[in-house]
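A short worksheet on the structure shown next.
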Amino acid sequence: MSRPRPAIAFADHDHAHCATDALARAEAIAAAKRLRLTPVRRRALEILLSEHRALGAYEVLERLADEGYGNQPPVAYRALDFLVRHGLAHRIRRLNGFAACTRPGEAHSPAFFICARCDTVAEAPGRAIRAAVDEAAEALGFAVERTSIEAVGHCPACREARP
């Protein structure tokens, strides 16, 4: 079994390169699936990729409006819904926000690690957790359709900075 990769959000990395690569993967996925990655959808994804944290729909809307894409809530909600529906972004319920998927195009059950201090969100493989949930559900005769695994704690930087 291979070791899991460290969550990039908590590691030193070239974020511009990280965001550019993720956008290129998203564009390739959209082209392969013949999805319309409209200018608004693409820009919403770029906004999500700009940081490793969840952004609220109104925060995305504000940035879109500043760039002339419209200022009505459906503009952001439709773009974000498209990105989530096609696996290019995730809904982070704990923060009532959205984060770009770090593994678009891959079938995966992510687990989200959310820093309570700085709100950084790291996506990590959650296969083992999902398997445990499925096993528990099966014992109850329950069929799981989807899960949202979110753990709250402190990222390495905030743990170091704690008094």
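The values are calculated or read from the model by the stated rules, or taken from the named source; none is laboratory data. Bear in mind the structure is a predicted one, so any value in this text is a computation, not a measurement. As a convention, Cβ positions derive from the backbone with ideal geometry for all residues, glycine included, and neighbour counts pool all protein chains shown.
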*asked:* Testing Arg78 on (1) within 22 Å of Val133 (Cβ to Cβ); (2) at pLDDT 95 or above, one condition comes back false. Which one is that?
replied: (1)
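From the list Cys155, Cys118, exactly one residue is outside the structural domain of Leu48 (by TED's automatic domain parsing) and either closer than 23 Å to Ala28 by Cα or crowded, with 16+ Cβ neighbours inside 10 Å (or both). Which is it? Reasoning before the result, please.
Values: Cys118 fails: either closer than 23 Å to Ala28 by Cα or crowded, with 16+ Cβ neighbours inside 10 Å (or both).
Result of the check over Cys155, Cys118: Cys155.
If you take the residues in the range 66-76 that are surrounded by 15 or more Cβ atoms within 10 Å (Cβ to Cβ) and out of contact with any Pro (no Cβ under 9 Å at 6 or more places or on another chain), which one is nearest to Arg91 (Cα to Cα)? If you could, list the steps in order and put the result at the bottom.
Filtering the range 66-76 down to residues surrounded by 15 or more Cβ atoms within 10 Å (Cβ to Cβ) leaves 69, 75-76.
If we keep only those that are out of contact with any Pro (no Cβ under 9 Å at 6 or more places or on another chain) too, we end up with 75-76.
Working: Val75: 17, Ala76: 13 Å.
Only one residue tops the list, namely Ala76.
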*asked:* With the requirement that a residue be assigned to a loop (DSSP other than H, G, I, E, B), modelled with pLDDT of 90 or more and either touching a Pro at 6+ places or on another chain (Cβ under 9 Å) or hydrophobic (A, V, I, L, M, F, W, C) (or both), what does the range 8-42 give you?
replied: Leu35, Leu37
*Going by the conditions given, is Arg5 modelled with pLDDT of 95 or more and surrounded by fewer than 16 Cβ atoms within 10 Å (Cβ to Cβ)?*
no
